[in-house]
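**Q** Here it is: the structure, laid out below.
The values are calculated or read from the model by the stated rules, or taken from the named source; none is laboratory data. Worth saying up front: this structure is predicted, and the values here are computed from it rather than measured. Heads up, the Cβs are rebuilt from the backbone with ideal geometry, glycines too, and the neighbour counts pull from every protein chain shown. We work out accessible area using only protein heavy atoms, side chains counted, and drop any ligands, DNA or RNA first. Shrake-Rupley method; radii C 1.70, N 1.55, O 1.52, S 1.80 Å.
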Amino acid sequence: MMSIISSLIIPIMILIVLIYGIAKKVDIYDVFVSGAKEGLEIGLSLFPCLLGMILGVNILVKSDLLNLILKVFAPLFSFLKLPMEILPLAILRPISGSASLSILTNLFETFGPDSFIGRIASTMQGSTDTTIYVLTLYFGSIGIKKIRYALKAGLFADLIGIIVSIIVVSLMFN
């Protein structure tokens with residue numbers, strides 16, 4: 001029953017929009033073409049911003065800079081008795097949602113979702129945002145160039161989310 005409903009929901013919504021447009025005497029095709037043209041223009045204007053962000057993420061991952069950062073923070077994580085495996089997620093989460101989701105999936109496959117590392121990673125994934133992606137996409141789409149304060153606030157909120165994720169999971173599950 002649910003598969004029938006889920007396969008019919010989009011055609012029904014389109015039919016409702018068409019019936020509403022006809023009732024309001026709107027030239028549906030012209031409005032559709034105009035909207036598609038506007039969507040394409042927005043996509044083209046966002047492309048350079050997204051390309052720059054993707055290039056930056058690839059440089060970070062491929063340049064071995066991530067491994068250097070892991071080596072620098074290893075003594076601190078060892079002193080605090082925190083698993084080093086969550087550090088790549090903490091670093092990449094503000095930059096890229098897909099990269100952090102890939103790391104999360106890898107952590108689940110290696111340690112399991114109910115492990116201490118899996119719980120910290122899950123909580124961290126839900127408590128932080130892809131700040132740099134959001135700033136690139138949203139600010140780039142409307143032409144805002146000065147993102148200094150928004151970047152600082154977003155990265156600070158991500159840092160607090162990461163720290164609180166570790167504290168809450170450590171208190172509740174360790």
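**Q** Quick one: how many Å² of Arg148 are accessible to a 1.4 Å probe, rounded to 10?
**A** 140 Å²
**Q** A follow-up question, please. With the Cα gyration tensor of the stretch 80-152 giving a ≥ b ≥ c as the square roots of its eigenvalues, does the rule (a/c under 1.5 for rounded; else a/b larger than b/c for prolate; else oblate) give rounded, prolate or oblate? Don't skip to the answer; put the middle values down first.
**A** Values: a/c = 3.52, a/b = 2.39, b/c = 1.47.
Verdict is prolate for the stretch 80-152.
**Q** Could you do me a favour and compute the accessible area per residue for the stretch 32-126, 1.4 Å probe, result in Å²?
**A** On the way: 5750 Å² over 95 residues.
Accessible area per residue, the stretch 32-126: 61 Å².
**Q** Given a Förster distance of 30 Å, report the FRET efficiency between Ser6 and Phe32 from their Cβ-Cβ distance, rounded to the nearest 0.05.
**A** Numbers: r = 24 Å, r/R0 = 0.81.
Rounded to the nearest 0.05, the efficiency is 0.80.
**Q** What are the membrane-span-like helices in the chain by this rule: whole DSSP H runs, Cα extent along the axis at least 24 Å, mean Kyte-Doolittle hydropathy at least 0.0?
**A** Working: long enough: 2-23 (30 Å, 2.55); 28-62 (48 Å, 1.28); 148-173 (37 Å, 1.83).
Membrane-span-like by this criterion, though nothing is claimed about a membrane: 2-23, 28-62, 148-173.
**Q** Moving on to the next point. Given a Förster distance of 35 angstrom, what is the FRET efficiency for Asp64 paired with Asp114, based on the Cβ-Cβ distance and rounded to 0.05?
**A** Rounded to the nearest 0.05, the efficiency is 0.65.
**Q** May I ask you to compute the full-extension gain from Asn106 to Phe156, defined as 0.36 nm times their residue separation minus their alpha-carbon distance, rounded to one decimal in nm?
**A** Values: separation 50, 0.36 × 50 = 18.00 nm, distance 2.60 nm.
Result: 15.4 nm gained on full extension.
**Q** Here is a further query. Hey, what number do you get for the chain at 222 nm if only DSSP H runs of n ≥ 4 count, each worth -39500 (n - 2.57), divided across all residues, to the nearest 500?
**A** Numbers: 8 runs with 135 residues, N = 174.
One gets -26000 deg cm²/dmol as the mean residue ellipticity at 222 nm.
**Q** Connecting C-alpha atoms closer than 10 Å in a GNM of the chain, tell me which of Val164, Val57, Val72 has the biggest fluctuation.
**A** Per the Cα network of the chain with a 10 Å cutoff, Val72 tops the list.
**Q** Quick check on the chain: take the gyration tensor over C-alpha atoms, sort the square-rooted eigenvalues as a ≥ b ≥ c, and tell me if it's rounded (a/c under 1.5), prolate or oblate. Intermediate results must be reported in sequence, preceding the final value.
**A** On the way: a/c = 2.85, a/b = 1.74, b/c = 1.63.
It comes out prolate by the Cα gyration axes.
**Q** Ranked highest first by the average count of other Cβ atoms within 10 Å around their residues, in what order do 119-131, 42-54, 22-34 fall?
**A** Values: 119-131: 20.4, 42-54: 12.9, 22-34: 10.2.
My ranking of the peptides, most packed first, is 119-131, 42-54, 22-34.
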